[in-house]
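Data block below; observations after.
The values are calculated or read from the model by the stated rules, or taken from the named source; none is laboratory data. The structure presented is a predicted model; accordingly, all values stated were derived computationally and were not measured. We place every Cβ from the backbone using ideal geometry, glycine too, and count neighbours over all the protein chains shown. Side chains are part of the model used for accessible areas, which takes the heavy atoms of the whole protein and leaves out ligands, DNA and RNA. Shrake-Rupley method; radii C 1.70, N 1.55, O 1.52, S 1.80 Å.
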Amino acid sequence: DYVNHSGNAYVGWSWDAGTSTATNNDGSIAASVRVNQSAGFSIVTYTGTGSNATVGHGLNAAPYWVVVKRRDSAGSWIVWHNAFGAASNTDYLYLNGQIAIGGDGSNAFWNSTVPTNSVFSVGTGGSVNASNATYVAYCWAPVAGYSSFGQYTGNGSSDGTFVYTGHRSRFLLIKADIAGEDWVVIDTERETYNTIDSVLFANDATAEITNSAYNTDILSNGFKLRGTNPRFNTSGETYVFASFAEHPFKTARAR
């Protein structure tokens with residue numbers, strides 16, 4: 001039912017992580033890395049130590065978005081995002097949850113250290129680095145004209161905030177710094193013309209929702225909010241996002 005039930009509609013998003021996997025010893029933990037540096041994306045697997053450590057990501061640039069998932073037992077999807085700002089070395093989100101940034105008081109994920117051009121750091125939290133536990137991490141670094149990771153402030157208006165990305169988004173993921181709000185997924189495959197008002201929630205099993213409160217203009221160089229749903233446009237609230245391009249900006253078609 002989740003991937004191929006007769007008559008059901010599905011959407012999928014995929015990233016190219018290259019064609020080969022190699023051992024990476026840049027960090028204190030040896031990692032297995034598949035990387036596509038030109039696309040700013042790598043997939044990393046490693047085994048935890050239970051002690052503060054570093055893990056090589058292979059990007060040759062500091063990642064702006066890292067998602068870590070424990071593989072051998074239940075655990076949350078731990079998110080680090082560059083837009084966390086001054087507190088980015090300790091803040092986090094759960095891709096499978098609705099917390100505000102750093103909202104449940106855990107602080108053992110990133111060892112109070114921001115990612116570098118070669119490694120990301122992990123603390124002693126079981127969701128990222130328990131002894132002998134296995135993990136997978138997805139790491140993205142920004143690539144001009146292709147990917148953008150940042151934050152914006154909502155204004156609660158149908159004439160909403162314009163967010164510059166430098167490209168026309170094919171896939172857009174947004175999370176409010178508000179407890180209880182979902183991760184909003186917008187893409188131009190399910191809706192091919194503006195304004196887009198059909199969304200999915202990355203942390204939830206809910207079916208696709210179509211509602212004008214999510215109206216969004218996907219533009220050649222960014223996106224503009226036209227709806228007022230608090231999940232993506234409450235006045236004065238902070239939102240983080242990840243955006244990936246349909247075409248490089250130099251060939252983007254206006255909408």
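Restricting attention to the stretch 243-251, does a residue exist that is open to solvent by less than 30 Å² (accessible area, probe 1.4 Å) and acidic (Asp, Glu)? Full working, then the answer.
Keep residues of the stretch 243-251 that are open to solvent by less than 30 Å² (accessible area, probe 1.4 Å), which gives 243-245.
Imposing the further condition that a residue be acidic (Asp, Glu) reduces the set to none.
Within the stretch 243-251, none of the residues are open to solvent by less than 30 Å² (accessible area, probe 1.4 Å) and acidic (Asp, Glu).
When ASP177, ASP159 are checked against the criterion of being under 21 Å from THR238 (Cβ atoms), buried (at least 19 other Cβ atoms within 10 Å of the Cβ) and acidic (Asp, Glu), ASP177 stands alone in meeting it. Per the listing VAL136, VAL119, VAL114, the residue uniquely more than 10 Å from ILE78 (Cβ to Cβ) and either touching an Asp or Glu at 6+ places or on another chain (Cβ under 8 Å) or among the acidic types (Asp, Glu) (or both) is VAL119.
Restricting ASN117, ASN111, ASN96 to residues that are in contact with a Ser or Thr (Cβ under 8 Å, 6 or more places away or on another chain), surrounded by fewer than 17 Cβ atoms within 10 Å (Cβ to Cβ), of a type in the set (S, T, N, Q) and not in a strand (DSSP E or B) narrows the list to ASN96.
Filtering the stretch 187-218 to residues that are more than 21 Å from TRP77 (Cα to Cα) and open to solvent by less than 40 Å² (accessible area, probe 1.4 Å) leaves ASP187, THR188, GLU191, ILE196, ASP197, SER198, ALA213, TYR214, ASN215, THR216, ASP217, ILE218.
Only one of the numbered conditions (1) in contact with a Gly (Cβ under 8 Å, 6 or more places away or on another chain); (2) under 27 Å from ALA245 (Cβ atoms) is violated by ASN52, and that is (2).
Condition check ((1) within 24 Å of VAL67 (Cβ to Cβ); (2) aromatic (Phe, Trp, Tyr)) across all residues:
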| residue | (1), (2) |
| --- | --- |
| GLU181 | yes, no |
| VAL184 | yes, no |
| ARG190 | yes, no |
| VAL199 | yes, no |
| ILE209 | yes, no |
| TYR214 | yes, yes |
| ILE218 | yes, no |
| LYS224 | no, no |
| PRO230 | yes, no |
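Name the residue that is surrounded by the most Cβ atoms within 10 Å (Cβ to Cβ), counting only residues in the stretch 1-28 that are touching a residue at least 60 places away in the same chain (Cβ under 8 Å) and in contact with a Ser or Thr (Cβ under 8 Å, 6 or more places away or on another chain). If we take residues in the stretch 1-28 being touching a residue at least 60 places away in the same chain (Cβ under 8 Å) and in contact with a Ser or Thr (Cβ under 8 Å, 6 or more places away or on another chain), then GLY27 is surrounded by the most Cβ atoms within 10 Å (Cβ to Cβ).
May I ask you to list pairs of residues, at least six apart or on different chains, whose Cβ atoms are under 7 Å apart, with the first in the stretch 96-109 being under 23 Å from GLY48 (Cα atoms) and the second being hydroxyl-bearing (Ser, Thr, Tyr) and open to solvent by 70 Å² or more (accessible area, probe 1.4 Å)? Between residues of the stretch 96-109 that are under 23 Å from GLY48 (Cα atoms) and residues that are hydroxyl-bearing (Ser, Thr, Tyr) and open to solvent by 70 Å² or more (accessible area, probe 1.4 Å), the close pairs are ALA108/THR124.
Out of all the residues in the stretch 46-89, which are among the polar types (S, T, N, Q) and assigned to a strand (DSSP E or B)?
Looking only at the stretch 46-89, we keep the residues that are among the polar types (S, T, N, Q), and these are 47, 49, 51-52, 54, 60, 73, 76, 82, 88-89.
THR47, THR54 - these are the residues of the stretch 46-89 that are among the polar types (S, T, N, Q) and assigned to a strand (DSSP E or B).
I'd like to check something: does the stretch 128-141 contain any residue that is more than 19 Å from VAL67 (Cβ to Cβ), part of a loop (DSSP other than H, G, I, E, B) and of a type outside the set (Asp, Glu)? Yes: one or more hits.
For the stretch 32-88, the set of residues classified as out of contact with any strand residue (DSSP E or B) (no Cβ under 7 Å at 6 or more places or on another chain), touching a residue at least 24 places away in the same chain (Cβ under 8 Å), farther than 18 Å from SER127 by Cα and open to solvent by 50 Å² or more (accessible area, probe 1.4 Å) consists of GLN37, SER38, ASN60, listed by residue number. Residues in the stretch 232-241 include at least one that is in contact with a His (Cβ under 8 Å, 6 or more places away or on another chain) and in contact (Cβ under 8 Å) with a residue 12 or more places away in the chain.
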